[in-house]
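Encoded as structure tokens, the structure appears first; notes follow it.
The values are calculated or read from the model by the stated rules, or taken from the named source; none is laboratory data. Computed from a predicted structure; not experimentally measured. Positions of Cβ are backbone-derived with ideal geometry, glycine not excepted, and every protein chain shown enters the neighbour counts.
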């Protein structure tokens, strides 16, 4: 078991993450997607992970999870609404806001990107999966650096895997307020974010 998987197990004991049954590493689904070895080892410990009451997620690969990696990356589900901004990326996890954690399709062993939920602007956040887990996912699984996410969890509680949080229509750019946040189905939220005017300005303040 890798040290990352050990850390996930420790966080699960403390109630900070939810783990699932291991992935079948020899399944058809696993053979269809190229992932870094450390990522595969994590899925071999738990096929999908939810941290901080569902506000940070690693997608399952195969099976009937509410968000499954291959289905989530289907071009016609939500990506089309972003006019190509998410093209060329393989999304393998996300925040509850819809920020996508992704590899370049042509470089799955390379850096991890964050695609911002309200703009799909891409930025490198880690040189690889292991560093992403150690510096982004695991720390935020205990307590996010983003105070609005903390306040949103306090208001809305656990976020089901099939849902996101997003800003209500009509929310104005400025200091974001948890009163302007609502829950909705994940795909609907991704489509709404793509259509919303002013959402990018709000998102930058999280």
Residue list for the stretch 60-90, restricted to those being more than 23 Å from residue 26 (Cα to Cα) and in a strand (DSSP E or B): 89
Can you confirm whether residue 202 is at pLDDT below 90 and in contact with a strand residue (DSSP E or B) (Cβ under 7 Å, 6 or more places away or on another chain)? yes
Just checking, how many residues over the stretch 120-144 are over 23 Å from residue 6 (Cβ atoms) and buried (at least 17 other Cβ atoms within 10 Å of the Cβ)? 2
Is there a residue in the stretch 44-59 that is surrounded by fewer than 17 Cβ atoms within 10 Å (Cβ to Cβ) and either more than 10 Å from the chain's Cα centre (by Cα) or assigned to a loop (DSSP other than H, G, I, E, B) (or both)? yes
If I go through the stretch 11-33 residue by residue, how many of them are surrounded by 12 or more Cβ atoms within 10 Å (Cβ to Cβ) and either out of contact with any helix residue (DSSP H, G or I) (no Cβ under 6 Å at 6 or more places or on another chain) or in a helix (DSSP H, G or I) (or both)? 9
Residue by residue through the stretch 102-117, note down the ones that are closer than 20 Å to residue 146 by Cα and touching a residue at least 40 places away in the same chain (Cβ under 8 Å). 116, 117
Odd one out for residue 184, checked against (1) more than 21 Å from residue 77 (Cβ to Cβ); (2) touching a strand residue (DSSP E or B) at 6+ places or on another chain (Cβ under 7 Å); (3) modelled with pLDDT of 95 or more; (4) surrounded by fewer than 18 Cβ atoms within 10 Å (Cβ to Cβ): (1)
